[in-house]
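We did not get these values from a lab; they are worked out from the coordinates using the rules stated. Please read these numbers as outputs of a predicted model, since none were measured by experiment. Counting neighbours? That spans all protein chains shown, and the Cβs are built from the backbone with ideal geometry, glycine included.
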Amino acid sequence: MRMIKTAVIALPALTLSEATRAETLALSKIDPKIDRHIQASTSKKNGRCLAFMLKDFRERKIPKSRVLITFDDPNIDGIGIALDETDEAYTCEAGELRSWEGSEYEVSKRF
């Protein structure tokens, strides 16, 4: 699995079909329609994992514009979460929160 490290795609006029082709969006750019798509395309455990991470970022007062969400990526069986301009990268896969360093991960929490 590759480490999640991408540039922010900031296209405010995305339709749902265009959004599904986009691999990564800043959390601040995810509208309700895209959020519903992400929730519908992932397992309940991975959804709880994502909610856990988003709560952690809120508590750490990290702006939504810095949180990158990767979805519909064939290399991730779940959802990717990263902070821009850092090496901080996570995935929610198989009901696990995985923190990544390079190409290795450690399971941080199970849901």
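Explain nothing, just the number: relative contact order of region 17-110, from Cα pairs under 8 Å at least 6 residues apart, as a whole percent.
On the way: 138 pairs, mean separation 23.8, N = 94.
Over region 17-110, the number comes to 25 percent.
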Open item on the list: Quick check: net charge around Phe52, other residues with Cβ under 12 Å of its Cβ, Lys/Arg +1 and Asp/Glu -1?
Closed with: +3
Task: Centroid-to-centroid separation of region 33-51 and region 66-101 [C-alpha atoms, Å] - done: 13 Å
- [ ] Please turn the phi angles of region 54-71 into ³J(HN,Hα) values with the Karplus equation 6.51 cos²θ - 1.76 cosθ + 1.60 (θ = phi - 60°), one per residue in order, whole Hz, x for glycine and proline.
- [x] 5, 5, 4, 5, 4, 5, 7, 6, 8, x, 4, 5, 8, 8, 9, 10, 10, 9
Task: Net lengthening on full extension, Ala40/Ser103 (0.36 nm per residue, minus Cα-Cα) - done: 19.9 nm
Task: From phi via Karplus (6.51, -1.76, 1.60), per-residue ³J(HN,Hα) for region 82-87 in Hz, x at Gly/Pro - done: 8, 10, 5, 6, 9, 9
Open item on the list: What are the ³J(HN,Hα) couplings of region 29-35, residue after residue, when phi is run through the Karplus curve with 6.51, -1.76, 1.60 and θ = phi - 60°? Round to Hz, x for glycine and proline.
Closed with: 9, 8, 8, x, 5, 5, 4
Task: Label-reachable residues, region 24-51, where backbone N falls under 17 Å from a point 7 Å from Arg58's Cα toward its Cβ - done: 27-32, 35-36, 39, 47-51
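By its C-alpha gyration tensor, with a ≥ b ≥ c as the square roots of the eigenvalues, how is region 17-110 shaped: rounded for a/c under 1.5, else prolate for a/b larger than b/c, else oblate? Walk me through the numbers on the way to the answer.
Details: a/c = 1.37, a/b = 1.15, b/c = 1.20.
Note, shape of region 17-110 comes out rounded.
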- [ ] Scan around Ser108 for amide H atoms under 5 Å from its own, H built in the peptide plane at 1.01 Å from N, and keep only partners 5 or more places away or cross-chain.
- [x] Leu97, Arg98, Ser99
